[in-house]
Amino acid sequence: MRTAGVDDTRLTKQPGEQVHVSDTIDYYFTCASPFVYLGHRALLALAEKHQKTVAFKPFNIADVWAESGAVPIPQRPAVRQRYRLIELQRMAHIRGRDINIQPAHFPTDPTRADLCCAALVATGQSPAVFLTSVGEALWEKEQQIADDEVLARLLGEAGHDASAILQAASGDEAAAIRAANSKQAVAADAIGAPTYVYDGEVFWGQDRLDYLDAMIASGRAAFSS
């Protein structure tokens, strides 16, 4: 059966067709995003469900916004700012997460936290637990994630050598990784955070995780523009 406007032959593998199935979900994020916080556990669960590896890619969201046309929250029309607050509550309810929609330390500079994630990746460690804790610190616990003392405690609680990672976060390699991720995100047509890329298809926003789940489950080829 075919649906008007949709080539449904792409939804399932056809006889003799070789559909590439990626083993990796590229995860573009910045630690200060509430939507990264709200979708993080759901992404990890999705990856585990489908036995996929998550490639953690902290990026500079300002670089992505410069290409996608997005602007910082205070520069957005008031109606969009109000709607964002409703969306945060709505998604927190759906995800079963607590959230302070106007935390004491937001906006904040996520650079140090992002670079800690880059340093963890550079040293072969997963930032998954640390990223969970950073989101909770900012969006639940009224903590300043731009503060090295806060980051050191969160790194230690996540099982990492806090001193070593913070030192590495100040180095050239971590900065280069974040800069490269930002360029890759732009090339992938990322619009904001979080962005997930699977088999070349881009999914913007944690509310698109169901779409990513459906793509992987169906085995369809990636759509493109």
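Observations
- Qualifying residue in segment 121-143 (condition: among the aromatic types (Phe, Trp, Tyr), exposed (fewer than 14 other Cβ atoms within 10 Å of the Cβ) and free of Cβ contacts under 8 Å to residues at least 40 places away in the same chain): no
- Residues that are of a type in the set (Asp, Glu) and in a loop (DSSP other than H, G, I, E, B), drawn from segment 96-139: ASP98, ASP109
- Residue pairs meeting the criteria (Cβ under 6 Å; at least 6 apart or on separate chains; first modelled with pLDDT of 95 or more, in segment 61-80; second in a loop (DSSP other than H, G, I, E, B) and of a type in the set (Val, Ile, Thr)): ILE61/THR30
- Restricting segment 34-91 to residues that are of a type in the set (Ser, Thr, Tyr) and either assigned to a helix (DSSP H, G or I) or in contact with a Pro (Cβ under 8 Å, 6 or more places away or on another chain) (or both), the residue that is surrounded by the most Cβ atoms within 10 Å (Cβ to Cβ): TYR37
The values are calculated or read from the model by the stated rules, or taken from the named source; none is laboratory data. Everything quoted here is computed from the prediction, not taken from an experiment. Using ideal geometry, Cβ is built from the backbone for each residue, glycine included, and neighbour counts are taken over all protein chains shown.
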